[in-house]
Amino acid sequence: ANLNAVNAGVAAANATGVDTVAKIQTIATAGDAKASAMAKIIAYATDTDNSAPDVADYVAAGVTGVDTANLNAVNYGLGGEDVSTVEYIQKIVDNTVILPSGITINNASAEGVVLSVSDNVLASVILY
């Protein structure tokens, strides 16, 4: 089990949430799932030749708002980012926009990326 994830799960539980071995095992299992999901997300962000995270990975990591409609855009937004925390991944998800065809963004400021989108291409605009 991933000790940090298990410790965080135990710390977040109330007293009755950790009063049996079975409950602690459930926390440990969830901690392992979260650690595995985070490792997959981080690996993909580091090198997009690695397996792309799916919706279940984001859910296991504790990231909300990822679904099949925005999964490709979110994964695109991960590329090259330092996503070592759930909070930072959540920021990427929260700031991911699916642009309809025909939209062009010509903003070269440091607060986003320059995009020219057509044919319902999914794109991610990361706002810092």
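Some observations on this one:
- Here LYS34 passes the criteria (1) of a type outside the set (S, T, N, Q); (2) open to solvent by 60 Å² or more (accessible area, probe 1.4 Å); (3) touching a helix residue (DSSP H, G or I) at 6+ places or on another chain (Cβ under 8 Å); (4) farther than 24 Å from ILE92 by Cβ except the one numbered (4).
- Taking the listed residues VAL63, VAL59, the one that is among the hydrophobic types (A, V, I, L, M, F, W, C), in a loop (DSSP other than H, G, I, E, B) and closer than 22 Å to ASN4 by Cβ is VAL63, with no other qualifying.
- Condition met for ASN95 (modelled with pLDDT under 85 and open to solvent by 70 Å² or more (accessible area, probe 1.4 Å)): no
- Considering (1) at pLDDT 75 or above; (2) farther than 23 Å from THR64 by Cβ, the lone condition that VAL18 does not fulfil carries the number (1).
- Counting the residues of the range 72-85 that are assigned to a helix (DSSP H, G or I) and open to solvent by less than 30 Å² (accessible area, probe 1.4 Å) gives 5.
- When residues of the range 20-29 are limited to those that are touching a helix residue (DSSP H, G or I) at 6+ places or on another chain (Cβ under 6 Å) and closer than 21 Å to ALA56 by Cβ, the one surrounded by the most Cβ atoms within 10 Å (Cβ to Cβ): ILE27
- From the options ALA69, ALA35, ALA28, ALA52, residue that is modelled with pLDDT of 90 or more and of a type in the set (A, V, I, L, M, F, W, C): ALA52
- For the range 51-71, filtered to residues that are closer than 14 Å to ALA37 by Cβ and of a type in the set (Asp, Glu), the residue that is surrounded by the fewest Cβ atoms within 10 Å (Cβ to Cβ) is ASP54.
- Hey, ASP47 of a type in the set (Asp, Glu), surrounded by fewer than 16 Cβ atoms within 10 Å (Cβ to Cβ) and at pLDDT 75 or above or not: yes
- Filtered residue count, the range 1-19, keeping only those that are open to solvent by less than 60 Å² (accessible area, probe 1.4 Å) and either more than 27 Å from LEU78 (Cα to Cα) or among the basic types (Lys, Arg) (or both): 4
The values are calculated or read from the model by the stated rules, or taken from the named source; none is laboratory data. All values derive from a computational prediction rather than experimental measurement. Heads up, the Cβs are rebuilt from the backbone with ideal geometry, glycines too, and the neighbour counts pull from every protein chain shown. SASA here: full protein model, heavy atoms, side chains in, ligands and nucleic acids out. Shrake-Rupley method; radii C 1.70, N 1.55, O 1.52, S 1.80 Å.
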